[in-house]
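Read the structure below first, then the notes.
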Amino acid sequence: MSRPSVAVGVDRHDLVAFRPVPIRELRPSVTASPVLVRWLKDHGYYWPEGMPATDRRAELGLDKPLVRLPGQRSGAGAPSGSGPAATGPDPAVLGNCTALPTRPDDLRELARAVAADLTAEQLATPAHPLGSMPPVVARTRKASGAGSGTGGYRASTPDQDKTIAIGLAGETVVGAWLRERFGVPEETSWKSSLRSHVLAGGPGDDRLGYDFRIHNGDQTYLYEVKASVGSSGEVTLGDSEVERASHLGTYETYIIVYVSDVLDRERRRITPLPNPFGAPGLAGYELLSAKMRLRFTLPG
């Protein structure tokens, strides 16, 4: 259907007033009418709660300065400069002082780069937690700000773009480490959805509550990976992970694997941690949050 036909059809139903606009009348500053945006929202078209009723970048929090990073696309057809055609740098993480792009098409190459620089010392890390954990050093906790709740609209940030890449790097490390320790290839052991960026044979399942499963004799080891670009010594378990770690068969062992400095060859460490729901429980951990999510039935 041609553009004039669309305009006529929408106008016939009194949905919004249209008129064809000659190209010569357009200016770079033209944006959608706030009235149109409000109309879309008021008539049931999806609009995230708390998102401003506008398409203006500044009002949506999307007008951050553009910073060109190493590895950013360039050349014919790529946007450049600071004019309206510029789209900003590709998301990237810093690995061994090199910017590694984190677009979906780049994740396989990122995983290969991380696997290639694993050291023999890292791969020799024992596959089970060693003895008791050292006592936790108390730290001052930061108060949560007003904007720390969930739900509602938030503009995308570079940190959010990097989360998948860091998680994939951690799971790549652990997959290679488990292959070294047990002789089980990643095609068999890797169960999370991140495997789809590297392996064929199924997308994986994040509902399992663990990332890797190893059968070793009459024992089954479930490994949940937590990766960080630093060494904060903090992890968060999601709902499926808590459910699985707290409901194990007699032949199952649940192990959290913390990969610190995951993108730094020299500082990277693989640390297996005990199940906080098994013996000796939270010994060696500090419980930072005790949130509860409850469901109930209203009385008749």
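None of the figures in this text is laboratory data; all of them are computed from the coordinates on show. Small disclaimer: the values here were computed from a predicted structure and weren't measured. Cβ: placed from backbone, ideal geometry, glycine included. Neighbour counts: every protein chain shown.
Sort 250-257, 163-170, 128-135 by the packing proxy (mean of other Cβ within 10 Å over each peptide's residues), most packed first.
The peptides rank, most packed first, as 163-170, 250-257, 128-135.
Name the residues whose placed amide hydrogens come within less than 5 Å of the amide hydrogen of A99, ignoring near sequence neighbours (fewer than 5 apart) on the same chain.
none
In debye to the nearest 20, how big a dipole does region 181-250 give about its Cα centre with +1 on each Lys and Arg Cβ and -1 on each Asp and Glu Cβ?
In debye, rounded to 20, region 181-250 gives about 140.
Please list, ordered by chain and number, the residues whose modelled amide H lies under 5 Å from the amide H of V257; skip anything fewer than 5 residues away on the same chain.
For V257, the qualifying residues are E224, V225, K226, L273.
What are the ³J(HN,Hα) couplings of region 247-259, residue after residue, when phi is run through the Karplus curve with 6.51, -1.76, 1.60 and θ = phi - 60°? Round to Hz, x for glycine and proline.
9, 10, x, 5, 9, 9, 10, 9, 10, 8, 10, 9, 9
Please work out whether region 148-300 counts as rounded, prolate or oblate from its C-alpha gyration tensor, where a ≥ b ≥ c are the square roots of the eigenvalues and a/c under 1.5 means rounded, while otherwise a/b larger than b/c means prolate and anything else oblate?
Cα axes put region 148-300 in the rounded bin.
Let me know the Rg and Dmax you get for region 215-262 when you use only its Cα atoms, in Å.
12.6, 36
In whole Hz, with x marking every Gly and Pro, tabulate ³J(HN,Hα) for region 176-189 from phi via Karplus 6.51 cos²θ - 1.76 cosθ + 1.60, θ = phi - 60°.
With the stated coefficients, region 176-189 comes to 5, 5, 5, 4, 5, 7, 10, x, 9, x, 4, 4, 9, 8 Hz.
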